[in-house]
1. Looking only at the range 191-229, filter to residues that are part of a loop (DSSP other than H, G, I, E, B) and of a type in the set (D, E); which one of those is surrounded by the fewest Cβ atoms within 10 Å (Cβ to Cβ)?
2. Could you look through the range 485-500, keep only residues that are within 14 Å of L460 (Cβ to Cβ) and under 22 Å from the mean Cα position of the chain (by Cα), and pick out the one that is surrounded by the fewest Cβ atoms within 10 Å (Cβ to Cβ)?
3. Sort out which residues of the range 151-180 are touching a residue at least 40 places away in the same chain (Cβ under 8 Å), surrounded by 15 or more Cβ atoms within 10 Å (Cβ to Cβ) and not in a loop (DSSP other than H, G, I, E, B), and write them in order of number.
4. Just for the range 605-629: of the residues that are open to solvent by 50 Å² or more (accessible area, probe 1.4 Å) and of a type outside the set (D, E, K, R), which one is nearest to E98 (Cα to Cα)?
5. Quickly run through the range 41-60 and pick out the residues that are assigned to a loop (DSSP other than H, G, I, E, B) and in contact (Cβ under 8 Å) with a residue 60 or more places away in the chain.
6. I need the full set of residues from the range 482-524 which are in contact with a strand residue (DSSP E or B) (Cβ under 6 Å, 6 or more places away or on another chain) and free of Cβ contacts under 8 Å to residues at least 24 places away in the same chain, in order please.
Amino acid sequence: MILLTLQNIGKSFVMNEVLRDVNLTLQAGSRMGLVGVNGSGKSTLFRIISGDMAPDSGTVSLVKGTRVGVLTQDADIQSDLTIQQELERVFEPVREMERRLRAMEHEMEAAHSDPEAFRQLSNAYARLMDRFEDAGGYEWPSRIQGVLAGLGFARGRETQPANLLSGGEKTRLCLARLLLTQPELLMLDEPTNHLDLASTQWLEETLKKYRGTVMVISHDRYFLNAVCDCMAELSMRRLTQYSGNYDQFAAQRQANLERQLKEYKLQQAEIARQEAIIARYRMYNREKSIKLAESREKRLEKLERIEKPLNEQKVRFNFRARRRTGDDVVMVKDLSKGFEGRTLFEGFGLHIRAGDRVAIIGPNGVGKSTLLNIIAGKLNPDHGQVIFGSNVDLGYYDQQQAQLHPDKDVLSELWDDFPRLEMDRIRGVLALFLLTGDDVYQKVGTLSGGERGRVALAKLMLRQDNLLLLDEPTNHLDMDSREVLEAALDDFDGTLLTVSHDRYFINKVANRVIEMTPGGTREYLGNYDDYLEKKRLEEAGQDEEARAGMTRTQMDREKRIRRLQKESAKALKQRHAKVEADIALTEDMIADLEGQMGLPEVYANPAESVRVAREHREAQERLEQLYEDWEALSEAVSAL
């Protein structure tokens, strides 16, 4: 079933045309990724679909009754409610049903002397109970806790006022509220911007199982690969749809571009051939030849011309090292650092050799950027030392771009650092990063995050250092710029140490992954996919602290599985069989109690009716616990 249709959507802001003849068809249950360079109109299109903005032309058709939920990049919460209360508001209809059920139980007790009134109350009670169960009446508290844990809210923060959260935390809370609301069309604008790796992975799994339809704007290509089954690209004010995830989209887009360019060149060659024939006929200057020329000219005028395929402008650059290092580039020994009595890391060691590409990952707050600052000489460690090998020239990309001067114009920012270069050379380098014309006279402080990132990369390219320290280098870069950066680093003949949350980037550039956690560090050879595979193959009894980003529920479940695996195979299988039998008995009991609820002799007796309802509720809760035990036992048995 088609859930959403856009027909010939157009939108302009004053003289700036953003969207032109945009058409889109979205099937119910699809997960669509929307991509395009910064400023291509992705967020504008989201606002038009959600009804927050009217298009200048065209129509938006959405299946009647479809609830739309939108996460914007500037999500904000102003209420005085706590985090828990903000999320409980989602379930107010369910909570109201529960209050009504409790009230009806008291009413049934009071109505025992009036059989007809009691019968009517009992029937209404049964209908309301069905609605309550269908709405997840028994599940909503655990759903709230699961979403909070999955999105990285530590246990105990539920009572914190929501309006005191940071901007990123407010966005995460808005995302939690949307996921609990479960609209039929879920629209997410850069949902992973404020998530660490563990929370991003949790969100991926949640969206893959989401019962509704999802549209997502994201620069996270790994996320798009994991979640999306179709893609749409906004380019040059128009939209093109593709089937498959991001990698499949990228391959199809390149194939389409090559095909369109080939067709354009063939047509241009044919047009040139026809024009040469026409010129030759006219050169003869005879009546017959002139008629032939006019006939061909008419056919040429009617020819539907193929437009030359245009691609968005891309940055173009490369990194080169001006000299080679020795085999040992950096040796970090027993490094420790803390702030205000809180230790970020201690006993950290690292040995980087020439040609290594090392990526450091881990949850927020474990000291990844601090570590880079220490290696770069911007901070002093509390303990330990950093030793550089011979001929090491260190270049540092700071995600905060603290090395840029906001009061300088772009041209001076580079020229002051490289005064020996001619202006044409400086402007040529800036042009590679799409900073041309009067753009080079803008103040650095007025640039967007992506533009400042490109200026910092331009300076780094000119330095020609042989050891690059990169702190979140893909932040603020569009997808095309990220791909150019990856290609440049792949060709780089020096050594690389990077901190990044961009898993696609890590996959492309890393040959070693260092995982930092509050409990220590682990090293994995290979890229991010290799790291994930090795994590899966690790023994189930690994140290709990090494499992960074896990929720408390997940940790408790893993503990239970490890305890179970210590039992003998025979005992484990016997317990598994017993739980299965208990589940069957409990399900039969629930079915029997539900049957009793409809019996006249039950609803004619208030005390009996209340007892049956209470036992039914208790049996439902017991069944949920049995299912959890069965899952843990099943996983332990499968590992035998």
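The values are calculated or read from the model by the stated rules, or taken from the named source; none is laboratory data. All values derive from a computational prediction rather than experimental measurement. Glycine also receives a Cβ, built like all others from the backbone with ideal geometry; neighbour counts cover every protein chain displayed. Areas reflect the complete protein model, heavy atoms only, side chains present, ligands, DNA and RNA absent. Shrake-Rupley method; radii C 1.70, N 1.55, O 1.52, S 1.80 Å.
1. Among residues in the range 191-229 that are part of a loop (DSSP other than H, G, I, E, B) and of a type in the set (D, E), the one surrounded by the fewest Cβ atoms within 10 Å (Cβ to Cβ) is D229.
2. The selected residue is L485.
3. A162, K170, T171, L173, C174, L175, A176, R177, L178, L180 - these are the residues of the range 151-180 that are touching a residue at least 40 places away in the same chain (Cβ under 8 Å), surrounded by 15 or more Cβ atoms within 10 Å (Cβ to Cβ) and not in a loop (DSSP other than H, G, I, E, B).
4. A607
5. Taking the range 41-60 first, the residues assigned to a loop (DSSP other than H, G, I, E, B) are 41, 51-56.
Of everything in the range 41-60, just one residue is assigned to a loop (DSSP other than H, G, I, E, B) and in contact (Cβ under 8 Å) with a residue 60 or more places away in the chain, namely G41.
6. E523, Y524, listed by residue number.
Let's see how each residue does on (1) in contact with a Ser or Thr (Cβ under 8 Å, 6 or more places away or on another chain); (2) modelled with pLDDT under 90:
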residue: M1; (1), (2): no, yes
residue: L4; (1), (2): yes, no
residue: S12; (1), (2): no, no
residue: V18; (1), (2): yes, no
residue: V22; (1), (2): no, no
residue: L26; (1), (2): yes, no
residue: S30; (1), (2): yes, no
residue: V37; (1), (2): yes, yes
residue: S40; (1), (2): yes, yes
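So that you can scan it fast, the table gives a plain yes or no per residue for (1) part of a helix (DSSP H, G or I); (2) hydroxyl-bearing (S, T, Y); (3) surrounded by 15 or more Cβ atoms within 10 Å (Cβ to Cβ):
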{"position": "Q78", "(1), (2), (3)": "no, no, no"}
{"position": "E88", "(1), (2), (3)": "yes, no, yes"}
{"position": "P93", "(1), (2), (3)": "yes, no, no"}
{"position": "E109", "(1), (2), (3)": "yes, no, no"}
{"position": "F118", "(1), (2), (3)": "yes, no, yes"}
{"position": "R127", "(1), (2), (3)": "yes, no, no"}
{"position": "A149", "(1), (2), (3)": "yes, no, yes"}
